[in-house]
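Here's the structure, in structure tokens; my notes come after.
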Amino acid sequence: MKTLTPEESMHTCVRCGACRGVCPTLNITGREADGPRGRVLMARSVIDGEIPVNQEIKDQLDRCLLCSACVDACPIDVQVPDIVMLAKEQIAAAAETTVFQNSESSIEQPGRLASTVKNFFFDKVLADQKRLNQVGNLLWMYQKSGLQTLTRNIGIMKFFPEQLREMEKITPAVLSPSERKPHPEYTPRANERKESRGRVAFFQGCIMDVMFRETNKNSIKLLSKTGFDVVTPKSQMCCGALHHHSGKKDKTIELAKANIEAFEKAEVDYIITNAGGCGAALAEYSDFFRDDPVWLERAKAFSKKIRDISEIIHEKGDLPKTMGHGERVTYQPSCHLQYVMKVKDAPARLVKRVPEVEYVELPEKKYCCGSAGIYNLLQPDLANDILDKKMENVKKTGSGVLLTANPGCFLQMKLGVHREGMEDVIETKHVVDYLVESIERAEVKAH
């Protein structure tokens, strides 16, 4: 758990500037208001009531990616994302009560339909695995029935915002309903003659388990092949990261409690994630229960067990023989993985162990790719500016395989490859899928 609350942390910033060199938005615009120091000052002024709440302030704070690169660089650990989130919660509360129009205290109200759709998606879809699977079924039908092709050919997509049109083009193929049946509750280690490397639980996520089901299947397979006995609790829920970033505190806590209870019953050594954003949210559950001593201790015990799949395999796993095929590979880290979970080298180190592969370090990998949950949908212009700069560095590596460790990063980098017209040159993959392919290639050669 973090030592200071956001209210305490916001008064510790000494404006030293250590954060300026790692902030993606400041790197693009050069404006102090788009950097951590400016955001802390602005958020603190809102929270302390020193400046009025208005649309300009809201828009400026919404430009923060909440990537936590600034926290990692800060010598005194100022929790910039938490401070920004607290200010955004106060702005959201003010927006519900304000009656001002065209004044310094006015805040644009979202349309009733937009609010209804957003609330339904967050509260009734993301938080309900059955409904989410139904959405997956509809998306599969859209992709496989010919409706997707028809929609594109007759120009229906032109009525959607440009960013949504682009994202639709690179959305991965969803597996059929028969291929998305519940994961086995227990998967033993592949070689039971060897000593177990540990009993672990796999966190499947919400969107991850629908849109990236193959990666989830491969995650369980990879854990098994590296010596772990894997439990996948059926009663697990969405991690709550998107709810938290949207200011839905009550729903976030509800989901956190459900997950804590589900994984307590699993009685495992570690809880494994394959998505940096989910892992970061799970690792910070204890911060949601500062004022609840009963749940605080349970949350601390839960968060202490959270590990990224690359981290646990690198530290405790027995990676089987792998084999590349002469490809050049680079890796774009997930911000929440490297800055919140503090897993900076494990994915790259695993890839470097694959023979017949040339690994090339990605220049300026410290910067976010611009995905940041749904930031690329809410702030498309700035997100695309960040992505374009990222792709310039990807091209410098000359890599044919671009690896990520988070679904949002995967989609954003795939969008970048698409925008550059390089789909035939660069293949975007999750680290897990790449490692499983490398293992299976070696197994084929051995036989």
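Only the coordinates and a few stated rules stand behind these numbers; no lab work does. Nothing here was measured: the structure is a model prediction, and the numbers come from that model. Note that we place each Cβ from the backbone using ideal geometry, even for glycine, and neighbour counts take in every protein chain shown.
Among the listed pairs Lys304/Lys414; Lys2/Lys257; Lys221/Lys389; Lys194/Lys304, a Cα-Cα separation exceeding 29 Å is found for Lys304/Lys414; Lys221/Lys389. For a straight C-alpha distance cut-off of 16 angstrom, the aspartates and glutamates reachable from Lys352 (same-chain residues fewer than eight places away being disregarded) are Glu311, Glu315, Asp318, Glu327, Glu361, Asp433, Glu437.
How big is the gap, in Å, between the Cα center of segment 24-55 and the Cα center of segment 229-260? Using only Cα atoms, the two centres lie 30 Å from each other. By the Cβ rule of 4.7 Å, the chain holds the following cysteines without a possible disulfide partner: Cys13, Cys16, Cys23, Cys64, Cys74, Cys369, Cys409.
Annotation: peptides 216-224, 25-33, ranked by per-residue average of other Cβ atoms within 10 Å with the highest first, follow the order 216-224, 25-33. Between the entries [x] 48, 28, 19; [y] 37, 28, 22; [z] 35, 26, 24, the label attached to semi-axes √(5λ) of the Cα gyration tensor in Å calculated for this structure is [z]. Ranked for footprinting exposure by Cβ neighbours inside 10 Å, fewest first, Glu168, Glu361 give Glu361, Glu168. Please report the spacing between the Cα centers of segment 74-88 and segment 394-417 in Å, no decimals. Between the Cα centre of segment 74-88 and that of segment 394-417, the gap is 28 Å.
Normalised by residue number, the volume inside the convex hull of the Cα atoms of segment 6-97 is 83 Å³ per residue.
When each of the peptides 44-55, 178-189 is scored by the mean number of other C-beta atoms lying within 10 Å of its residues, the order from highest to lowest reads 44-55, 178-189.
Considering only Cys239, Cys16, Cys369, the mean-square fluctuation computed in a Gaussian network model of the chain, springs between alpha carbons under 10 angstrom, is largest for Cys16.
With the Cα gyration tensor of segment 112-174 giving a ≥ b ≥ c as the square roots of its eigenvalues, does the rule (a/c under 1.5 for rounded; else a/b larger than b/c for prolate; else oblate) give rounded, prolate or oblate? Verdict is oblate for segment 112-174.
In summary, the aspartates and glutamates within cross-link reach of Lys58, defined as a Cα separation below 20 angstrom excluding same-chain residues under 8 places away, comprise Glu7, Glu32, Asp34, Asp48, Glu50, Asp82, Glu89, Glu96, Glu104, Glu108, Asp381. The mean sequence distance of close C-alpha pairs (under 8 Å, at least 6 residues apart), as a share of the length of segment 301-406, puts its relative contact order at 36 percent. Prolate is the label for segment 178-314, because the ratio a/c of its alpha-carbon gyration tensor axes (a ≥ b ≥ c) is 1.5 or higher and a/b is greater than b/c. Largest GNM mean-square fluctuation among Gln129, Gln163, Gln338, using the chain with Cα springs under 10 Å: Gln163. Taking a Cβ cut-off of under 9 Å around Gln379, the surrounding Lys, Arg, Asp and Glu residues balance to a net charge of -1, with basic ones at +1 and acidic ones at -1.
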